[in-house]
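Since every read-out is calculated from the coordinates, none of them should be taken as a lab result. Everything numeric here is computed off the predicted structure, so don't read it as measured data. Note that we place each Cβ from the backbone using ideal geometry, even for glycine, and neighbour counts take in every protein chain shown.
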Amino acid sequence: MDQELAVVGVAVPRLGLAAKVRGEARYTADLKRPGMLYGRVLRSPHAHARIVHLDTAEAERVPGVYAVLTHRDVPQVRIDADLLPLEPVLRFVGDEVALVAAETEALAEDALRLIQVEYEVLPAVFDADEALRPGAPLVHAQGNLVGGKTLALERGSVAQGFAEAAQVFEATFHTQMHAPVGMETRAALAEWDGDRLTVWKTSRAVHASDRQTLARVLGLPLEQVRVICPNMGGGFGNKDEGRLAVLVAVLARRAGRPVRIEYSRGEEFVAGRNRQEAHMHLKIGVQPDGTPTAIALHATMNAGAFVASGMNVTRRVGQGALYLYTCPHARFEGVTAYTNRPAGGSFRGLGAPLGHFALEVLIDQIAAALSVDPLDYRLQHHVTRAGQPGQRRTPSDQILPDEPVEGGVPFSSNGLRECLLAGAECIGWRQRRQPNGVATGMLRRGLGLAMGIYKGGIGREGEAEVRITPDGRVELAVGGVDVGQGSTTVLAQIAAEALGVPLERLDVVMADTGRTPPAHVTAGSSTTITTGAAVKLAAEDAKRQLLALVDGIPQAFDPGAVGAARRGDIVGTARVTSGSREYLTNAFAAHFAEVEVDMRNGRIRVLRYVAAHDSGRIVHPRLAENQVSGGVLQFLGIALREELYLDRQRGVTLNANFLEHKSTSIVDFPPIEVLFPAGSDPVGPYGAKALGEPPVVPVLAAVANAVANATGVWLRDVPFTPQRVLQAIHEQGKGVR
Amino acid sequence: VRPFTFVEPTSLDEVIRLLAAGQSQARLIAGGSDLLGELKDEVVSYERLVSLAGVEELRSIQEESGGLRLGALVTVAQLEYDPRLHGPYRILAEAARSVATPEIRTQGTLGGNLCQRPRCLYYRHPLTPCLKKGGADCPACESPYQAYLSIMGGPGCYSVHASDLAPPLLALDAQVSLAGPSGMRALPLEQFFAGPERDVRRENVLAADEVLTAVTLPSARLGWQGTYLKARERTAGDFPVVSVAVGYALDAGRIRQARLILGGVAPVPWRSPAAEAVLEAQDPSPALAARAASAALADAKPLSHNGFKVEIGHALIERAIMAVAASPRGA
């Protein structure tokens, strides 16, 4: 049994909640500065083109227009390896051509129409395989293969593993380009004071991305740049790109006034960052009893015109195949192609939900072929706390990578078994009909399950500052961003717990480079586990200083003692690299879905959903539950209908709006039960592990496997629209009339 | 949105005069739920929008010579809740409930719903060519995204009429009243809609200076009941992939006055006299329903990626026919 704690583990009222409920919380697009102008962006109508002539004179003459910005007016310094602020070459429909700052948004938009651009249209490529063929149009001069090579990760030898297999199963899978659809669109506001710059922005990385990028591209010393992210209306792994901040800053300097840009919904869909389309081929060799001998996954990723997160999205595709099942031989290969599509990038879960979709569907297919209950199969073969067989490669004095390939390393904790058993109990798994497809009639019900493994933030640096003031207040400063997941509250709980003070004594400052220590990107489900570890240490440091000051150990620890001792602030600081030299620390999950399939309409209804998670000790039960159910909701929409439609002649995104991009509304969501059956972890602060992304990892496969149970039909192409479901029913010979 | 002037006259005459004076540069606006989207996406632009909102007489539902007269400005939400839409008229309330979302039903009008422009993604995107926008090319018929396109041919244009209200109104033998510079004219709703063979840029016979003022429902047929079923990708805020309005009376167990109209499958709401003939004077049964569905879809010519709509249509028609047989028969 975990030790009882005072604040950690309690569903305290979320900090800042009242302001949000009252509508007082301010988001970037709510902010106004004196004399502020409004910026709009002229976007490319072509998927691939070169600007041969650009005339802004007429736009500049419009009264109320203060500045027009083109590639001629911006520093030619790279924001990312593949991205300049503006270029005369345009790589997707929606790529930035020019910007205008004017007194109103309408004026700015009218002025955009007056910019005359003559384009030389270049051949474009939209498909990843085509882009990788010799002679394909080059999206970037250095070639369409991102990074110049295939990403290959292997444990053992899959060649040997397949040679040892009694039977080999394989299948191909496809997942679509889809959008995260944060309710808040991207926005940024820049204001100059002499050569000092302040930028307010929707951001996941005020320190690590925006401030660094701004200083570097604009040639400013770091200390002259301040970046602040007010409340965020949805991060979902997005909004860390530096282009918007750079452009708004240059535009403001040119206009001589503060400028704010807010994306329209259409721009958000096209010029934001979307999930890369993936084509995957998976091969699993098994012994006669089903024990895996080799797992090999190959993925081809369509990155679009730019990759914001390097190879991280691709790398994550392999995570499940490499580590979810005990198997001596596993290999992942990923190729990532530039195409003339809107840019891909990081989005909650990166590639993990995609690779898990392939893996967990093929595992169900194997279980079905061997007449083994898929739950029993997983109970028998999932990776255990002992980790994978093999030799450790990381030197023993180094912190282990959290995205493992090597064997021979145990997990700090592994609650897969608890998640499987608790979830199965909750959904009533033993009532599941077997085998797949025995249900009859027009409406067929079935149960499915899928597991997930996810690294979380280990191996990163976290910093925190805990200040105790003479009047007994505690101020916690961290540079990360509360992207809406509630980390303000969770980090305050950790500080309050470590200090032994009530939460009401705490103020939290986040996401302001002027007031907080540096921080990494808020990404990879790392805030609680990495920043949280720093917060705990900083609080303990402050407490130690205070105790020394009051000369001994008082009855009850009292921050007011600072005042009594007539001293200045006490400041506790900490900088940590999270993780362990002995253990891998990963989060785990098992999801269960009950669906009903209309055999003649092809419509899937998800009737019930159970999500069981091992994220170590849960710091805030209600926030954690919301995090899980929110992730499940987001991915049920992606499983069933959401997709960005791309016209393959012109590269136009056809449905960049809420009406035609079928984001699911509340009426289509099932009840979701969230379980946390596992206990505390020895590595994370107060035993916590990652939680932000794991909820989205198993969803696609859980739904597909439930459909297979109901109908006997395997779905391998996401989203599972009526069209695809009917097609699969017919192709697999299960049609009814 | 390109700039435009907005005028709000208070009489129908004035509305017509302003429309006529504006030539092709004036456009009528009622609830605006369709037109504003087109304007914002810059699919269309007009110098002048003439609002119908000030013409109060178009807002009411009136009982008239045994039937009902529905003003063009009656909102979809009014149709959903009006107590007079019961018995045979209930099918219209049922269809109204399936339109868009509660917010749009409160704003959107009956007239606007019937005059709505196609939802074809290529029509709605400013950067893609489309015959309806004066282009020479229809990329939609080559596209993989055809769930919301025609399965009954074009010709030329494969967009569908997406109205949820038109199929039940056709089932009720509705008439429309049109007002223009030379006075009023009335015609059966069926003749109001016109496919691309007449004019590819339009979906109905309304002239640019004409206003749809009312929809009239004849007196209720005794014992007639109908139902409206709609297949779509999401439950709220979606247009029909396929929809069907089916209705009939039962006379000693035999079907009379059968009506069967499909929505979302053709450039116009698609009435099937062949299916109605199959149903007429027969006992409702699953086998009959399947025959009627086959008759309704016998001429289907799906595009390369929407054959599944034929299959959904079959299921929907059969279910609707059997649902009407099971519905309680009152006045």
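Two tests apply to each whole DSSP H helix in chain A, Cα reach of 27 Å or more along its axis and mean Kyte-Doolittle hydropathy of at least -0.5, and the ones passing both are A:621-640. Each principal axis of the Cα cloud of segment A:582-737 was evaluated for its coordinate range; sorted largest first, these ranges are 55, 38, 33 Å.
Normalised by residue number, the volume inside the convex hull of the Cα atoms of segment B:53-136 is 142 Å³ per residue.
Note on chain A: Cα convex hull, mean projected area over all directions, 33.0 nm². The protection proxy used here, the mean number of other Cβ atoms lying within 10 Å of each residue, ranks peptides A:360-367, A:721-728, A:654-661, B:164-171 as follows, highest first: B:164-171, A:360-367, A:721-728, A:654-661.
A Gaussian network model of chain B, with springs between Cα atoms under 10 Å, assigns the largest mean-square fluctuation among B:SER98, B:SER33, B:SER24 to B:SER24. Label sites at B:ALA220 and B:ALA20, each approximated as a point 7 angstrom past Cα along Cα to Cβ, lie 4.0 nm apart.
Derived value for segment A:630-711: Kirkwood hydrodynamic radius 15.7 Å. Basis is the mean of 1/r over every pair of different alpha-carbon atoms. With all pairs of separate Cα atoms included, segment A:378-449 yields a Kirkwood hydrodynamic radius of 15.4 Å. Rounded to the nearest 500, the 222 nm mean residue ellipticity of chain B from helices alone is -7500 deg cm²/dmol, with -39,500 (n - 2.57) taken per DSSP H run of at least 4 residues. The trypsin sites (Lys or Arg not before Pro) found in segment B:113-198 that occupy coil by DSSP, while having at most 14 further C-beta atoms within 10 Å, are B:ARG198. Here the protein assembly as shown is assigned +1 on the Cβ of each Lys and Arg and -1 on the Cβ of each Asp and Glu. Its dipole about the Cα centre then comes out at about 660 debye. Rounded to the nearest whole angstrom, the semi-axes of the ellipsoid equivalent to chain B, taken from the Cα gyration tensor as √(5λ), stand at 32, 25, 16, largest first.
Reported to two decimal places, what Rg/Rh ratio describes segment A:557-644 when computed on Cα atoms with Rh from the Kirkwood expression?
Ratio of gyration radius to Kirkwood radius for segment A:557-644: 1.27.
In percent, how large is the relative contact order of segment B:228-331, given Cα pairs closer than 8 Å and 6 or more residues apart? It comes to 25 percent, rounded to a whole number.
Remark on segment A:344-482: hydrodynamic radius 19.3 angstrom, per the Kirkwood mean of 1/r across alpha carbon pairs. Solvent-free Debye calculation, one equal scatterer per alpha-carbon of segment B:78-214: log10 I(q)/I(0) at 0.21 Å⁻¹ equals -1.32. Under 25 Å of direct C-alpha separation, and excluding same-chain neighbours fewer than eight residues apart, B:LYS309 reaches these lysines: A:LYS662, A:LYS734, B:LYS132, B:LYS230, B:LYS301. Residue separation of A:LYS20 and A:GLU105 scaled by 0.36 nm, minus their Cα-Cα distance, works out to 28.0 nm of gained length. For the charge dipole of segment A:381-538, defined by +1 on Lys and Arg C-beta atoms and -1 on Asp and Glu C-beta atoms about the Cα centroid, which residue among A:ALA496, A:MET442, A:LEU420 has the Cα displaced farthest towards the positive pole? Farthest along the dipole direction, towards plus: A:MET442. At the listed q of 0.15, 0.21, 0.27 Å⁻¹, the Debye profile of segment A:22-88, built from one uniform point per Cα, gives log10 I(q)/I(0) equal to -0.75, -1.10, -1.30. By a straight-distance test (C-alpha under 21 Å), which lysines pair with A:LYS32 as possible cross-link partners, with residues fewer than eight away in the same chain excluded? Answer for A:LYS32, where 21 Å is the Cα cut-off: A:LYS20, A:LYS201, A:LYS239, listed by chain and number. Relative to the compact-globule estimate of 2.2 N^0.38 Å, the Cα radius of gyration of segment A:436-546 comes out at 1.54. Compactness ratio for segment A:266-330: Cα radius of gyration over 2.2 N^0.38 Å (N = residue count) comes to 1.48. As a calculated quantity, the FRET efficiency between A:LYS734 and A:ALA159 at R0 = 41 Å, using C-beta atoms, amounts to about 0.70.
Looking at segment B:263-331, the pairs of alpha carbons with a distance over 19 Å make up 34% of the total.
Segment A:408-447 has equivalent-ellipsoid semi-axes of 33, 12, 7 Å, by the square roots of 5 times the alpha carbon gyration tensor eigenvalues, sorted largest first. A DSSP coil position with no more than 15 other Cβ atoms inside 10 Å describes the following trypsin sites (Lys or Arg not before Pro) in segment A:135-213: A:LYS149.
Bridging of B:LYS40 to lysines at a Cα separation below 17 Å is possible for B:LYS133, once same-chain residues fewer than 8 apart are set aside. Taking a sphere under 13 Å around the Cβ of B:LEU303 and counting the other residues whose Cβ falls inside, with K and R at +1 and D and E at -1, yields a net charge of +1. Across segment A:225-269, how large is the tail of the calculated P(r) beyond 13 Å, expressed as a percent of all Cα pairs? That fraction is 68 percent.
Estimated purely from DSSP H runs of n ≥ 4, each contributing -39500 (n - 2.57), the mean residue ellipticity at 222 nm for chain A is -7000 deg cm²/dmol once divided by its residues.
Evaluating kT/(6 pi eta Rh) at 37 °C and 0.692 mPa s, with the Kirkwood radius of segment A:167-234 over Cα pairs in the Stokes-Einstein relation, gives 225 µm² s⁻¹. The equivalent ellipsoid that matches the C-alpha gyration tensor of segment B:185-310 spans semi-axes of 26, 22, 14 angstrom, in descending order.
Shape descriptor for segment A:151-289: Rg over Rh equals 1.25 (Cα atoms; Rh from the Kirkwood inverse mean 1/r).
Set the Cα radius of gyration of segment A:83-191 against 2.2 N^0.38 Å, with N its number of residues, and you get 1.72.
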